Structure formats: structure tokens, C-alpha cells
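The values are calculated or read from the model by the stated rules, or taken from the named source; none is laboratory data. For clarity, every value in this text was computed on a predicted model and none was experimentally measured. Here Cβ is always computed from backbone atoms with ideal geometry, including for glycine, and neighbour counts include all displayed protein chains. The protein model used for the area step is the full one, side chains on, heavy atoms only, and it has no ligands, DNA or RNA in it. Shrake-Rupley method; radii C 1.70, N 1.55, O 1.52, S 1.80 Å.
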Amino acid sequence: MIAAQTAPAATHGEMGTNMQVEVTVNGQAHVLEVADNTLLVELLRENLGLTGTHVGCDTSQCGACTVHMDGRSVKACTVLAAQAQGAEVVTIEGIGSADALHPMQEAFRDCHALQCGFCTPGMIMSAIDLVSRNPGIDNAGVRAGLEGNICRCTGY
Ligand code: FES
Ligand code: FES
């Protein structure tokens, strides 16, 4: 099913020309009217209300905005909504639920791998991609692979 939506354009920077983006998010197809300078993270949070994807910086450094696009983790603040045209995007809301956590969410919970939780969605999305591409990865590999995700409240 395709959900058509004409929502107010996101507010990143100067208002651009509106454009239509067709994107599948968490298995749901959407046709969205957005400004051409809309970021993917803005589309997710402001147009679709998927606020589990966080914005923790304006320098593309923190990784709080990490989602999967066509099976790879990306920082959604560094991707234009236009670049997601035709893509399959998965956010933290799409990998599990409170009743059925994703194994990575269970692992974070079991290992107390969070404090305030702000960075956690991005950490989990990055970690899923990292582990799926590196079976048997060791601790050093995990640390290196998550360098793009910053925890600001020392929940490391
Ligand atoms: Fe995207 Fe910080 S909000 S890297
Ligand atoms: Fe608080 Fe990481 S758990 S910012």
C-alpha cells in the first residue's frame, strides 16, 4: 500500500523547490512532497513522525541519525531526501517492537549498553550493519566500526 502525503515542507535552511519523493520506510511505501533541500532525517522525523531517529549534531559526526538505506547504514543527516528516491529505508522503529526486540536491542539491554539512550538508536542501527558485514568481529573491530557514533553522556 502506498501512503500519499502532502505535508508541510521540512525547514532545513532556505526553502527550496518542492519535489516528490517515493520511498519505502519500514516496509511502507510513501509518496511525499518535500522541499528539494530536505534531508532524509527531516523526512523521517517531520514528515513521517519517526522520531526514534535522532539529531545530535549539525556536523555529521555523532551518528544519532543512523538508519539503513538499501541495506547499508547511513547518517540520515548527510543524505538528501531526494537521494532516497526509490530506496528502502529502515529506521529503529522498523527493526523490532517493545514486545519483540531485535537481537541487537536485546544485546544492548542485556549488556546495559546505554545510559540516557539518546545515541542508542543510531548505535543499534550501525551495530546491526557492522555485525552483518563482519561475522565474528572482535571487540577492537566493534570499537573501530562504531567510531562514527558518539555517545555524549558516557553510556559507552
Ligand atoms: Fe547526523 Fe549527528 S545528527 S551525524
Ligand atoms: Fe546517552 Fe549515549 S546513552 S548519549
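I need the full set of residues from the range 100-156 which are of a type in the set (D, E, K, R), exposed (fewer than 12 other Cβ atoms within 10 Å of the Cβ) and within 26 Å of residue 78 (Cα to Cα), in order please.
143, 147
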All conditions in (1) open to solvent by 10 Å² or more (accessible area, probe 1.4 Å); (2) at positive phi; (3) of a type outside the set (A, V, I, L, M) are true of residue 63 except (1)
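The rows are residues; the columns are (1) out of contact with any helix residue (DSSP H, G or I) (no Cβ under 9 Å at 6 or more places or on another chain); (2) within 21 Å of residue 17 (Cβ to Cβ); (3) in contact (Cβ under 8 Å) with a residue 24 or more places away in the chain; (4) within 16 Å of ligand 2 (Cβ to nearest atom).
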{"site": "27", "(1), (2), (3), (4)": "no, no, yes, no"}
{"site": "35", "(1), (2), (3), (4)": "no, yes, yes, no"}
{"site": "65", "(1), (2), (3), (4)": "no, no, yes, yes"}
{"site": "86", "(1), (2), (3), (4)": "yes, yes, yes, no"}
{"site": "94", "(1), (2), (3), (4)": "yes, no, yes, no"}
{"site": "98", "(1), (2), (3), (4)": "yes, no, no, no"}
{"site": "105", "(1), (2), (3), (4)": "no, no, no, yes"}
{"site": "112", "(1), (2), (3), (4)": "yes, no, no, yes"}
{"site": "119", "(1), (2), (3), (4)": "yes, no, yes, yes"}
